[in-house]
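One structure is given here, and the rest of the page talks about it.
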Amino acid sequence: MTTVHLPTEEQPVSGESASTSRLGDRLFGGIATGAGVLILVTLAAVAIFLLAEAAPSFINADEFTESFTSYVAPLVFGTIWAAFLALLIAMPFAVAVALFISHYAPRRIARVLGDFIDLLAAIPSVVYGIWGISVLAPILARSVYPWLEDNLGFIPFFKGPASSSGRTIMTAAMVLAVMILPIITAISREVFLQTPRLHEEASLALGATRWEMIRQAVLPYGRSGVISGAMLGLGRALGETMAVAIILSPADVITFNVISNQNPNTIAANIALKFPESSGLDVNRLIATGLVLFVITFGVNILARRVANAGFSGREG
């Protein structure tokens, strides 16, 4: 009869293995800490550069014919207005596509469609701008904008006169919506896929249809993730440059009319268009507007992080 001796306690780890493990932990911890510190240093360096270069435009404000507030106000309005319109257009499509990929489409189709959506993020912004001004703008100017002016002209947004070239804030917003669509879709899709299977099955077991299950279980669970994705997409739209610069026909105005030729410009597009021809204090003023955009984008990202953290804390609770 063979006797089997079972170990009664764990075998001690050799000194060499423990030393190697501790060295690997220290090395990885150092690299991770260094990467985090590098990001903070880079962010601080950008902020210091913007503050230093923008300071002369405030100190020598008497050199300009208009105050900095009156100069930057239309740009801030145009930046926020274009990004808000883009988010308003992109959100329903992004959530619908994410739900289709996560809960409706067969696995093979969902994988292919998800890859195509992700590829949209790899297209350069200048290509989006050329597509917008060459393809989208003529279509909108020929059929959509005149119809909106004739039928919905009593609404200030569509009062007109309708642009004949299509170079409007609405065209720019549609292009921005296509650009931020992959970001919102990808984040929403991953959040929807993380919905506990037990919640979905419990809803279906109680007699709910698939849409009712999504409305009762999936959407409430993924609300914070969808909002976070929307905020990140908003941050991308706020800082977009080339696509807006190619499409817009800008003016220093504040208007809610989205189909006319009089459009407020954005901060990023204004810097891209005027920086090559600027010199002296004009450069400092443009950098000061960049500082304003930096603060706006930074605030949006902080808000997105707080929303995400609040949502995850609510799930754990």
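Read-outs throughout are calculated quantities, based only on the coordinates presented, and are distinct from any laboratory measurement. Since the model is a prediction, treat every value here as computed from it, not as a measurement. Cβ: placed from backbone, ideal geometry, glycine included. Neighbour counts: every protein chain shown.
The relative contact order of region 146-285 comes to 34 percent, based on Cα pairs under 8 Å that sit 6 or more residues apart. Note on residue 53 and residue 262: their simple-model spin labels are 3.3 nm apart, each label 7 Å out from Cα toward Cβ.
Here region 51-118 is treated with +1 on each Lys and Arg Cβ and -1 on each Asp and Glu Cβ, and its dipole about the Cα centre works out to around 800 debye. The dipole here belongs to the chain: it is taken about the Cα centre, uses +1 on the Cβ of Lys and Arg and -1 on the Cβ of Asp and Glu, and is about 760 debye.
Could you rank the peptides 102-110, 35-43, 260-268, 68-76 by their average count of other C-beta atoms within 10 Å per residue, with the highest value first? Intermediate values should be presented prior to the final figure.
Numbers: 102-110: 13.4, 35-43: 10.0, 260-268: 23.7, 68-76: 16.4.
Listed from highest to lowest mean packing, they are 260-268, 68-76, 102-110, 35-43.
Rounded, prolate or oblate: which fits the chain, taking a ≥ b ≥ c as square roots of the Cα gyration tensor eigenvalues, rounded meaning a/c under 1.5, else prolate when a/b beats b/c? Oblate.
Which value in deg cm²/dmol, rounded to the nearest 500, describes the helix-derived mean residue ellipticity at 222 nm for the chain, given -39,500 (n - 2.57) per DSSP H run of n ≥ 4 and division by the residue count?
Only helices count here, giving -23000 deg cm²/dmol.
Considering only 97, 191, 249, the residue lying farthest towards the positive end of the dipole of the chain is 97, judged by Cα position with unit charges set on Cβ. Ordering 280, 218, 267 by the projection of their Cα atoms onto the charge dipole of the chain, which places +1 on the Cβ of Lys and Arg and -1 on the Cβ of Asp and Glu, puts 218 at the extreme positive end. Placing a label point 7 Å from the Cα of residue 88 along the Cα-to-Cβ direction, no residue of region 120-137 has a backbone N closer than 11 Å. In the chain, taking the dipole from charged Cβ atoms about the Cα centre, the farthest positive-side position among 204, 169, 77 is held by 204.
Can you tell me the 0 to 90 degree angle between the C-alpha axis of helix 219-239 and the longest principal axis of the chain, rounded to 10? Orientation of helix 219-239: about 40 degrees from the principal axis.
Relative to the first principal axis of the alpha-carbon coordinates of the chain, what is the inclination of helix 107-120, with its axis defined by its Cα atoms, in degrees from 0 to 90 and to the nearest 10? On a 0 to 90 degree scale, this one is about 40.
Against the chain, whose longest principal axis comes from its Cα atoms, helix 281-316 is set at around 40 degrees. Computing FRET efficiency as 1/(1 + (r/R0)^6) for residue 274 and residue 223, where r is the C-beta to C-beta distance and R0 is 45 Å, gives about 0.65. Net charge of the neighbourhood of residue 176, taken over other residues with C-beta under 12 Å away and scored Lys/Arg +1, Asp/Glu -1, is 0. Simple point charges give the picture: +1 on the Cβ of Lys and Arg, -1 on the Cβ of Asp and Glu, and for region 191-254 a dipole about the Cα centre of about 160 debye. If R0 equals 22 Å, the separation of the Cβ atoms of residue 254 and residue 282 corresponds to a calculated FRET efficiency of about 0.50.
Distances between placed amide hydrogens fall under 5 Å for residue 263 paired with 251, all partners being 5 or more residues away or on another chain.
Mind giving me the FRET efficiency for residue 154 and residue 70? R0 is 35 Å, r the Cβ-Cβ distance, nearest 0.05 is fine. Intermediate results must be reported in sequence, preceding the final value.
On the way: r = 31 Å, r/R0 = 0.88.
Working from the Cβ atoms, E equals 0.70.
Counting Lys and Arg as +1 and Asp and Glu as -1 over every other residue whose Cβ lies under 13 Å from the Cβ of residue 247, the net charge comes to 0. Averaging the sequence gap over all C-alpha pairs within less than 8 Å and six or more residues apart, then dividing by the number of residues, gives the chain a relative contact order of 26 percent.
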